[in-house]
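Below is one structure, written out as structure tokens; comments come after it.
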Amino acid sequence: MDVLEPPLAGMSASFAPLVIATASFVLSHFVLSFGPLRRALVARMDEQKFLILYSAVAFATFGWMCVAYGRAPFTDLWGDPHWARWATVALMPFVSVLLVCGVSTGNPGAVGHAKLLASEESVQGRGIQKVTRHPVMIAVALWAALHLITNGDAASTILFGGMLVLTLGGILHIEARKRASGGAAWARFAAATSILPFAAILAGRARVSLAEIGWNRLAASVVVYLIMLFGHRLVIDVPLLPGLLR
């Protein structure tokens, strides 16, 4: 007699490849970002080659994780909440804005951009950084959380849960590293911005306008959102809008 009852019975060795791949993807980021190891590798191969290594490991483990996800069995945990799909469609425009504007705006907290702290404008936060000083990480965290809730199956919980751990843990790691090495400039940047979106604005520490964020960036964000919305079925064979209109 099997001592496990559904859906726990589905959490078997068949999920091992996905668990291993996701753990490798997440842990490799933290291991390569670990201060002593990172400094040793940079001293041996220089900063540029280290970033190439970091990116190669990230892409390789991400690809492995995606393949393992595609091959994992389907085990339903909490179904496909209809409200969650609407919430995802409604919130993804904000995710798109954070992602596109964050990628296109130099950030003092990002790898290779520490010199931006020498700029008075950057120390005060620029554009989308006044919404949150970690726009890209927050965007990925929101994307992962929304998809984790919406999918409701074991494999998605592993993959999107791993992405959520990576982004939230990454934010904490960046904050700790910058507090230790960023000096007074980082302290000023942190004081003028916030991790939680809109917290600095609501507290009166920051002011931002759409023009400052950049109309071209906002327009690109809309394009990216529409591509994600209508390209959802083409990429992963899941029709998003028809599912909402059932």
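The values are calculated or read from the model by the stated rules, or taken from the named source; none is laboratory data. Quantities reported herein were computed from a predicted structural model and do not represent experimental measurements. Note that we place each Cβ from the backbone using ideal geometry, even for glycine, and neighbour counts take in every protein chain shown. Each accessible area value is taken on the protein alone, full model and side chains, heavy atoms only, with ligands, DNA and RNA left out. Shrake-Rupley method; radii C 1.70, N 1.55, O 1.52, S 1.80 Å.
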Using a 1.4 Å probe on the protein heavy atoms, what percent of the accessible area of the chain belongs to carbon and sulfur?
71
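Given a Förster radius of 22 Å and the C-beta distance between C66 and V103 as r, what FRET efficiency does 1/(1 + (r/R0)^6) yield to the nearest 0.05?
Result of the calculation: an efficiency of 0.60.
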With θ taken as phi - 60° and the coefficients 6.51, -1.76 and 1.60, list the Karplus ³J(HN,Hα) couplings across segment 192-199 in order, rounded to whole Hz; mark glycine and proline as x.
8, 10, 8, 6, 5, x, 6, 5
What percentages, rounded to whole numbers, describe P(r) for segment 111-164 computed over all alpha carbon pairs with 10 Å bin width beginning at zero?
23, 35, 21, 17, 4
Correct choice for Rg/Rh (Cα atoms, Kirkwood Rh) that was computed from the model, options (1) 1.00; (2) 1.03; (3) 0.94
(1)
If the chain between A180 and E120 were fully extended at 0.36 nm per residue, the gain over the current Cα-Cα distance would be 19.6 nm
Over segment 61-139, what is the relative contact order in whole percent, taking alpha-carbon pairs under 8 Å and six or more residues apart?
28
